[in-house]
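The values are calculated or read from the model by the stated rules, or taken from the named source; none is laboratory data. Fair warning: this is a prediction, and the values are worked out from it, not measured in the lab. Every residue, glycine among them, receives a Cβ derived from its backbone with ideal geometry; neighbour counts consider all protein chains shown.
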Amino acid sequence: MTSRILTVFVMLALSGCAAAPTPSGDNVAAAVGTPFYVALKIPACVGTVAIAAPLIGIGQLAYPGYDAQARGIVPSTDDDLRRTLREGLTANCGPPYIVTP
């Protein structure tokens, strides 16, 4: 089990070396930082899903749909909780998965 974890760690560290070279030497920081970034991104994503998923469900129950034009109701674009939660999920669980120099 330890060898698998070490293998994943080394592969993630090497994936940071695949970036295009820059004159400032930021690739080394990206190669070293990528495994830590991924290790911290996973719990952040899981926590976001654990909080956002029930809230999105409650929001769907409270306001069942975006068919506002058919019902004659205009939804608020500033206070749309579901849109904000979706954007948070995209930010915390979506790309990039590597540290960019």
Query raised in the report: Just one of the numbered conditions (1) modelled with pLDDT of 90 or more; (2) of a type outside the set (S, T, Y); (3) surrounded by 11 or more Cβ atoms within 10 Å (Cβ to Cβ) is not true of L85; which one?
Result: (1)
Report task. Considering each residue of the stretch 44-75, count those that are at pLDDT 85 or above and surrounded by 10 or more Cβ atoms within 10 Å (Cβ to Cβ), and give that number. Result -> 11
Query raised in the report: Do we have any residue at all in the stretch 8-17 that's modelled with pLDDT of 75 or more and under 14 Å from the mean Cα position of the chain (by Cα)?
Result: no
